[in-house]
Amino acid sequence: MERIKALKSGIENSLPLSDADKSYIRKKYEEITSKKLSTKSGCRDCWHDAVIEIIHFGNKKVKMYNGDIIFVDGVWYGNHNITKEIADKHLKEYPQDKNRFL
Amino acid sequence: MGCTGLITAAINANCPTPTRSFEAVGWIGMYDEILSKTYDKSTGKLTAITMKSTKQMYPITVRGKMPFKDTKTEAAEKPYGWIFNKTTKFTVLGYSPTSASVVKSLADNKAFMILEQSGQTDSSKYPTFGVEVGLNFSAGTMDTYGDTGGFDVTLMEENAETAGLFLWPVADTEAAADAVIAALIAPGA
């Protein structure tokens, strides 16, 4: 995710994307969203939109068994509202809970 | 002596709110899709329940002033002791392929349900039915010119050990119980 964040920053500062960067974004996009990335020749916003989607879905792409809940920073989280960030925070404190996440 | 201990507190001493009604929305799931459950038959609390991967519970909405009004629990004496038969009834609205399919699914599979008692905020808020041995299809009646407008379905759990089993997590708060409900109905992980 660090590389994606760096690429997002690069795009926002008008730095050109290499073929390797584009290939990486495409691979990550399809891996995380399960969708094909459609890019037109010369398209710039679509690469920016893609990295934003990767970051958005990447942060959410963690699942729990329905019905299971964890308590983090005063809030109950389950499959309906869990994020990767919250899961990571919980696992840092309770590493033995790793099998509660899919 | 019984299997679940003795009475250890006065009955009705603190003026508990009597049973009045259920909220219009309950939740239903397939018994065979339960991954794990933890309950204590002596306390009547279901402290944890999870669904198998990709499985979830679904809301079931009952219209009218008295939702789930035919829900009841009856004790029955067996040679080995008392057991409890729990019955719940609702209408699957419409006479259509969709409603027929729902009724067929309920007829062929065991279910479980969670209801919400109106006005309750403590451990009695979420009574469950079928978590112990499953709710079996008991009746399904469709009367085209009847009053209910669909299939009247009756589900029954027989031979349950508890007189009542209530969803109430170990955290012992309403917020935690509400979170379990939200997690149970989330699109399956």
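The values are calculated or read from the model by the stated rules, or taken from the named source; none is laboratory data. Keep in mind the model is a prediction, meaning the values are calculated, not measured. Note that we place each Cβ from the backbone using ideal geometry, even for glycine, and neighbour counts take in every protein chain shown.
Just one of B:I185, B:I181, B:I114 is touching an Asp or Glu at 6+ places or on another chain (Cβ under 9 Å), of a type in the set (V, I, T) and under 25 Å from B:D40 (Cβ atoms); which is it?
Going through B:I185, B:I181, B:I114 in turn, the sole match is B:I181.
With respect to B:A179, determine if the residue is at pLDDT 95 or above, crowded, with 16+ Cβ neighbours inside 10 Å and over 25 Å from A:K63 (Cβ atoms).
In short, no.
Of all residues in region A:17-36, which are modelled with pLDDT of 85 or more and not in a helix (DSSP H, G or I)?
Hits for region A:17-36 are A:L17, A:S18.
Checking the structure you have, find out if any residue of region A:19-28 is at positive phi, more than 13 Å from chain B (Cβ to nearest Cβ) and without any contact (Cβ under 8 Å) to a residue 40 or more places away in the chain.
no
With the requirement that a residue be in contact (Cβ under 8 Å) with a residue 24 or more places away in the chain, over 13 Å from the mean Cα position of the chain (by Cα) and within 20 Å of B:P127 (Cβ to Cβ), what does region B:70-90 give you?
B:A75, B:I83, B:F84
Any chance you could count how many residues in region A:78-92 are closer than 20 Å to B:V180 by Cβ, more than 8 Å from chain B (Cβ to nearest Cβ) and over 15 Å from the mean Cα position of the chain (by Cα)?
Number satisfying all stated conditions: 1.
Name every residue in region B:23-71 that is within 14 Å of chain A (Cβ to nearest Cβ) and aromatic (F, W, Y), in order of residue number.
B:W27, B:Y31, B:Y39, B:Y58, listed by residue number.
Can you tell me which residues in region A:59-77 are in a strand (DSSP E or B), within 7 Å of chain B (Cβ to nearest Cβ) and under 21 Å from the mean Cα position of the chain (by Cα)?
The one that is in a strand (DSSP E or B), within 7 Å of chain B (Cβ to nearest Cβ) and under 21 Å from the mean Cα position of the chain (by Cα): A:M64.
When you check B:A76 against the structure, is it surrounded by fewer than 15 Cβ atoms within 10 Å (Cβ to Cβ) and of a type in the set (G, A, S), yes or no?
Taking the combined requirement at face value, the residue satisfies it.
Assuming B:L93 fulfils every condition listed in (1) out of contact with any strand residue (DSSP E or B) (no Cβ under 8 Å at 6 or more places or on another chain); (2) in contact (Cβ under 8 Å) with a residue 12 or more places away in the chain apart from one, which condition is it?
Answer for B:L93: the failing condition is (1).
What residue, among those in region B:157-189 that are over 15 Å from B:L115 (Cβ atoms) and touching a Ser or Thr at 6+ places or on another chain (Cβ under 7 Å), is farthest from the other protein chains (Cβ to nearest Cβ)?
Looking at residues that are over 15 Å from B:L115 (Cβ atoms) and touching a Ser or Thr at 6+ places or on another chain (Cβ under 7 Å), I get B:A163.
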